[in-house]
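Reviewing the structure listed below.
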Amino acid sequence: MALTQKSSRRIVHVVGGIVLFVLMVWTIAPLYWMVATSLKSNTEIFGPSATLWPTAPTLENYVTLFQKTNFQLYFRNSTIVALATVVLSLVISSLAAYALTRLRFRGRRVLAQGLVYTYLMPSSLLFIPLLIIIRNVGLQNTMEGLVLSYLGFTVPFCTWLLMGYFVSIPIELEESAMVDGCSRFGVLWRIVLPLTLPALAIVAFFSFTLSWNEFIYASVLVTDATVRTIPTGIPDFVVADTFFWGPMMASTLISTLPPLIVYFVFQRFLISGLTLGAVKG
Amino acid sequence: MSDLAQPIPRTQRSPGLWDRIANDARILAWIFLLPAIVVLIAVVIYPFAYAVVLSFQDKSPGIPGRFVGLNNYATLLSDTGFLETAVNTVWYTVIAVAIKFVIGIVSAVVLNQERRFNNVYRTILFIPWAVPTVVGALIWEWMYNEFNGLLNILLINLGLIETGIAWLAEPKLAMWAVIAVVVWTGTPFYTMHFLAGLQAIPKDLYEAAEIDGAGVIAQFWNVTIPSMMPVFTITVMLSTVFTATGITVVNILTNGAPAGMTQILPNESFNLTSAGQMGLGSAVNMVMFPFLVLFVVALTRRLLKDGNN
């Protein structure tokens with residue numbers, strides 16, 4: 001080897017820096033373009049005088065978005081659907097994960113494996129029958145219908161994730177509580193859940209982003225504009241008006257904020273407690 | 001009021017039904033699992049069975065399905081457009097997964113190097129993952145805009161092109177433009193898992209390799225790559241399923257245009273369903289499903305083998 005280990009290490013470090021720079025540009029450029037466009041007036045966005053950055057920043061796109069579109073309604077609907085999905089996923093998954101990790105019964109192994117496979121069941125395969133089923137039970141064009149459908153992918157995933165954490169709690173803690181007269185449900189509520197708060201936070205975070213982002217079920221199960229959520233509501237802005245890129249970028253920016261804020265708050269947990277299969281991508 | 005309720009003597013209650021339920025692990029387990037099982041049967045398992053049945057039916061919204069045997073499958077397999085879409089789907093999935101994989105491992109390795117402000121870089125590279133896919137697709141649609149998109153403005157300013165390119169309408173470019181967006185939104189998934197995998201490799205493996213005289217590159221091939229195999233397998237497995245079946249980016253950017261060049265099977269199924277052909281739409285998915293299952297089973301086996309070694 002002509003190069004010493006020290007100098008080759010130095011080269012790798014420099015090359016790494018250059019690669020990192022390229023990756024940052026690739027990641028940030030579209031986001032920059034979104035923010036810049038949302039702050040420009042139409043003359044700066046369109047036509048020959050299109051600028052690379054807003055020379056006269058304005059909030060007029062945001063005003064248009066809130067005054068002339070259904071965006072507020074979509075935002076409200078998305079919030080309700082996402083929060084309801086989070087709460088139900090937490091309750092259902094905690095109970096299921098506890099049963100699958102701590103209670104001995106026949107069929108436990110099969111159920112735990114089945115759970116993984118239901119998570120891998122793609123929504124593009126299920127949306128057609130689901131549309132018929134949801135329509136037959138009268139839940140088409142309702143947020144309840146959306147929440148119920150979303151539980152189909154949040155519950156398997158959250159249960160799977162929580163199982164990993166529940167196993168790590170020393171069983172002696174639970175046993176001693178039960179000797180002291182605590183019921184199984186009491187053990188789950190007073191000992192297991194408080195000890196797995198970071199895991200619950202991650203589970204809540206994923207349920208929130210998954211339902212906040214969901215597109216395919218929302219497209220087929222909801223046709224009524226008043227029940228639409230952000231992912232199916234905002235793409236329609238393009239069709240409605242060709243000169244709509246300003247307010248559109250304002251709407252994408254605002255729609256990104258809730259998951260982004262939650263991501264910044266939780267990123268410590270996300271990276272330290274990362275489990276595979278955490279996100280769909 | 002009191003005569004409505006059956007008076008239960010206290011002595012019978014203490015070893016009674018409630019305590020038995022609360023202490024019998026089997027009964028309690030099923031009670032705890034009941035909500036999850038009900039939900040999964042209602043929105044995953046029953047719909048899946050129904051999807052299989054639908055693929056043998058002629059079904060329009062509001063009209064009861066009529067069994068037509070293998071007609072839907074025959075229609076699809078004799079349609080050259082369908083076969084092209086199937087080829088597109090494979091091509092799109094393989095290329096997108098491959099690029100995400102390469103950028104993901106490169107990002108993870110670079111983020112794993114010691115550098116100042118590493119937290120900042122990591123946070124930024126993960127941002128596209130927090131951006132809703134629909135939002136990512138819309139931003140890129142605007143980036144690609146023929147007249148006022150950033151991409152064309154930059155290329156014109158740099159003197160590389162004379163007039164703007166319609167990235168999403170050019171037959172030769174459209175699929176690549178779609179894949180670029182899928183890569184942009186999907187790479188953090190890989191970076192995250194690969195970074196976690198890299199950090200889990202014991203340091204002494206590298207030290208041992210160094211004592212044996214292995215350079216940085218030799219260490220990467222002989223230590224990093226073999227240690228990462230299980231992480232690679234599971235990440236690729238999950239991502240392939242989600243990439244192949246994800247319609248959001250294609251649906252928003254092109255919906256299959258130009259001339260079906262960017263069409264993929266799940267979006268074809270979506271379009272057929274929107275047009276009222278639910279049976280045919282289900283058959284499209286059912287053609288795809290066995291391949292996904294084979295892929296998942298093959299990789300799971302591999303993973304179990306790796307796990308045993």
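The values are calculated or read from the model by the stated rules, or taken from the named source; none is laboratory data. This is a predicted model, so every value here is computed, not measured. When we count neighbours, we look across all protein chains shown, and the Cβ atoms used for this are built from the backbone with ideal geometry, even at glycine.
Annotation: B:Thr93 fulfils all but one of (1) touching a helix residue (DSSP H, G or I) at 6+ places or on another chain (Cβ under 7 Å); (2) assigned to a helix (DSSP H, G or I); (3) within 14 Å of another protein chain (Cβ to nearest Cβ); (4) under 18 Å from B:Leu280 (Cα atoms); the unmet one is (4).
Residue by residue through segment A:235-281, note down the ones that are at the interface with chain B (Cβ under 7 Å from one of its Cβ atoms) and modelled with pLDDT of 70 or more.
Kept after step one, since they are at the interface with chain B (Cβ under 7 Å from one of its Cβ atoms), are these residues of segment A:235-281: A:235, A:245, A:248-249, A:252, A:255-256, A:259-260, A:263, A:267, A:274, A:276-277, A:279-281.
Answer for segment A:235-281, where residues must be at the interface with chain B (Cβ under 7 Å from one of its Cβ atoms) and modelled with pLDDT of 70 or more: A:Pro235, A:Trp245, A:Met248, A:Met249, A:Thr252, A:Ser255, A:Thr256, A:Pro259, A:Leu260, A:Tyr263, A:Gln267.
Which numbered condition trips up B:Tyr190, out of (1) within 8 Å of chain A (Cβ to nearest Cβ); (2) among the hydroxyl-bearing types (Ser, Thr, Tyr); (3) surrounded by fewer than 17 Cβ atoms within 10 Å (Cβ to Cβ)? Condition (3) is where B:Tyr190 drops out.
Close contacts from segment B:257-268, counting a first residue that is touching a residue at least 40 places away in the same chain (Cβ under 8 Å) and a second that is in a loop (DSSP other than H, G, I, E, B) and among the hydroxyl-bearing types (Ser, Thr, Tyr), with Cβ to Cβ under 6 Å and a gap of 6+ residues or different chains, come to B:Thr262/B:Thr254. Basic (Lys, Arg) and not in a helix (DSSP H, G or I) - does that describe any residue in segment A:100-108? Yes, segment A:100-108 contains at least one residue that is basic (Lys, Arg) and not in a helix (DSSP H, G or I).
Could you go through segment A:26-47 and let me know if any residue there is surrounded by fewer than 16 Cβ atoms within 10 Å (Cβ to Cβ), facing chain B (nearest Cβ under 10 Å), free of Cβ contacts under 8 Å to residues at least 60 places away in the same chain and not in a helix (DSSP H, G or I). Checked against the condition, which is being surrounded by fewer than 16 Cβ atoms within 10 Å (Cβ to Cβ), facing chain B (nearest Cβ under 10 Å), free of Cβ contacts under 8 Å to residues at least 60 places away in the same chain and not in a helix (DSSP H, G or I), segment A:26-47 yields at least one hit. With respect to the conditions (1) hydrophobic (A, V, I, L, M, F, W, C); (2) at the interface with chain B (Cβ under 9 Å from one of its Cβ atoms); (3) more than 30 Å from B:Thr243 (Cβ to Cβ), A:Leu173 lacks only one, and its number is (2). For segment B:116-140, filtered to residues that are more than 7 Å from chain A (Cβ to nearest Cβ) and at pLDDT below 95, the residue that is farthest from the chain's Cα centre (by Cα) is B:Arg116.
For beta carbons closer than 8 Å, sequence separation of 6+ or different chains, a first residue in segment A:1-16 that is more than 7 Å from every other protein chain (Cβ to nearest Cβ) and over 18 Å from B:Ser107 (Cα atoms) and a second that is modelled with pLDDT under 70 and part of a helix (DSSP H, G or I), there are no qualifying pairs.
Counting only residues that are among the aromatic types (Phe, Trp, Tyr) and either more than 21 Å from B:Thr93 (Cα to Cα) or buried (at least 17 other Cβ atoms within 10 Å of the Cβ) (or both), which one in segment B:141-177 is nearest to the other protein chains (Cβ to nearest Cβ)? If you could, list the steps in order and put the result at the bottom.
Filtering segment B:141-177 for residues among the aromatic types (Phe, Trp, Tyr) gives B:142, B:144, B:147, B:167, B:176.
Applying the additional criterion that residues be either more than 21 Å from B:Thr93 (Cα to Cα) or buried (at least 17 other Cβ atoms within 10 Å of the Cβ) (or both) yields B:142, B:144, B:147, B:167.
Details: B:Trp142: 5, B:Tyr144: 10, B:Phe147: 7, B:Trp167: 13 Å.
Going through the qualifying residues, I end up with B:Trp142.
Residue count for segment B:30-85, restricted to those that are within 13 Å of chain A (Cβ to nearest Cβ) and of a type in the set (D, E, K, R): 1. Quick one: A:Val12 ticks every box in (1) crowded, with 16+ Cβ neighbours inside 10 Å; (2) modelled with pLDDT of 90 or more bar one, so which box is it? Among (1) crowded, with 16+ Cβ neighbours inside 10 Å; (2) modelled with pLDDT of 90 or more, the lone unmet condition for A:Val12 is (2). Only one entry in A:Tyr150, A:Tyr117 is part of a helix (DSSP H, G or I) and touching a Ser or Thr at 6+ places or on another chain (Cβ under 9 Å), namely A:Tyr150.
Of all the residues in segment B:233-263, those that are under 17 Å from A:Leu126 (Cβ atoms) and not polar (S, T, N, Q) number 5. In this structure, B:Phe194 does not qualify as within 23 Å of A:Val14 (Cα to Cα) and more than 26 Å from the chain's Cα centre (by Cα).
Filtered by the rule that a residue be out of contact with any helix residue (DSSP H, G or I) (no Cβ under 8 Å at 6 or more places or on another chain) and part of a helix (DSSP H, G or I), segment A:1-10 gives A:Lys6, A:Ser7, A:Arg10. Listed by first and then second residue, the pairs linking a residue in segment A:103-118 that is closer than 21 Å to A:Ser149 by Cα to a residue that is assigned to a helix (DSSP H, G or I) and among the aliphatic types (A, V, I, L, M), with Cβ atoms under 6 Å apart and 6 or more places separating them unless they lie on different chains, are A:Ala112/A:Leu100; A:Thr118/B:Leu40; A:Thr118/B:Val44. Of all the listed residues (A:Arg135, A:Arg108), the sole one being more than 7 Å from every other protein chain (Cβ to nearest Cβ) and within 20 Å of B:Trp30 (Cβ to Cβ) is A:Arg108.
Listed here are the residues, each with its yes/no results for (1) closer than 28 Å to A:Arg108 by Cβ; (2) surrounded by fewer than 14 Cβ atoms within 10 Å (Cβ to Cβ).
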site	(1), (2)
B:Ile27	yes, no
B:Val39	yes, no
B:Val43	yes, no
B:Ala49	yes, yes
B:Ala74	no, yes
B:Thr85	no, no
B:Phe117	no, yes
B:Ile124	no, no
